[in-house]
Amino acid sequence: MLDSNNEITSIFDIKSIFNDEKESSKKFLKWTKEEDLKLMSLVENNVGKLNWGEISSYFSNKNKLQCYSRYRQINPNLKKGAWTMSEEKILRDCIKKYGKNWAKIAAIIQTRSGKQIRDHYVYLIDSNKGHFTEEEDNIIKNLFLEYGNQFSKFTEFLPGRSSESIKNRFHSSIKKKLINGTSIMSSDNLKPECNY
């Protein structure tokens, strides 16, 4: 089932997309601009009654999963990157009112998918820790330099942070700083005391 933002809202929808053997036989070919425009037009003309199998039938070389995934990539209404304070306030208010109904909340926020909303809530807000501090970023950087991507080991040095939230923080912010060679903090001597 799809919500008003054309998001999949049940596990059965996901399984039906993945489990179609005929569909999986279509090989991946890069999307052209014409195909993107055609896909956007088909979605716009079928809002409220979207059927990815039917939409994929308009393409000779695309299956329904490829159509759905591509639409998620090119949908101009979905925002990526950092959340604004106003988005977080709306999210908190919606959770109080509707609980963890991600599809309903996505219909209200409209700039984020249900998955983005769920992930943001689970990995940041629900952790009761809030935003990462510069000191935590520096600890993550040092632990990464020592352990690599074994993020589950980082949790013992960052109480209250899940390995998933640490991994997300690393990939969304710290990794870029390491690649660019910019310091996370002016002093790099905040390596945690630990007995390895």
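So is Arg112 closer than 25 Å to Asn168 by Cα, part of a helix (DSSP H, G or I) and not assigned by TED's automatic domain parsing to the domain that holds Ile174 or not?
Details: closer than 25 Å to Asn168 by Cα: yes; part of a helix (DSSP H, G or I): no; not assigned by TED's automatic domain parsing to the domain that holds Ile174: yes.
Against the criterion (closer than 25 Å to Asn168 by Cα, part of a helix (DSSP H, G or I) and not assigned by TED's automatic domain parsing to the domain that holds Ile174), Arg112 does not qualify.
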If I filter the range 148-166 for residues that are under 21 Å from Trp83 (Cα atoms), at pLDDT 85 or above and buried (at least 18 other Cβ atoms within 10 Å of the Cβ), do I get at least one hit? yes
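Look through the range 80-97, keep the residues that are surrounded by 14 or more Cβ atoms within 10 Å (Cβ to Cβ) and among the acidic types (Asp, Glu), and return whichever of them is nearest to Leu39 (Cα to Cα).
Here is the first cut: in the range 80-97, the ones surrounded by 14 or more Cβ atoms within 10 Å (Cβ to Cβ) are 83, 87-88, 90-91, 94-95.
If we keep only those that are among the acidic types (Asp, Glu) too, we end up with 87-88.
Values: Glu87: 28, Glu88: 31 Å.
Per the criteria, the residue is Glu87.
Take Leu145 and decide whether it is closer than 26 Å to Gly81 by Cβ, modelled with pLDDT of 80 or more, of a type in the set (A, V, I, L, M, F, W, C) and not in a helix (DSSP H, G or I). Quick ask: steps written out before the conclusion?
Numbers: closer than 26 Å to Gly81 by Cβ: yes; modelled with pLDDT of 80 or more: yes; of a type in the set (A, V, I, L, M, F, W, C): yes; not in a helix (DSSP H, G or I): no.
Criteria not met by Leu145.
Looking at the structure I just gave you, is Asn77 surrounded by fewer than 14 Cβ atoms within 10 Å (Cβ to Cβ) and closer than 25 Å to Arg169 by Cα? Lay out the reasoning, then the answer.
Details: surrounded by fewer than 14 Cβ atoms within 10 Å (Cβ to Cβ): yes; closer than 25 Å to Arg169 by Cα: yes.
When the stated conditions are applied, Asn77 passes them.
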Being among the basic types (Lys, Arg) and at pLDDT below 85: is that true of Lys129 here? yes
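The values are calculated or read from the model by the stated rules, or taken from the named source; none is laboratory data. This is a predicted model, so every value here is computed, not measured. Heads up, the Cβs are rebuilt from the backbone with ideal geometry, glycines too, and the neighbour counts pull from every protein chain shown.
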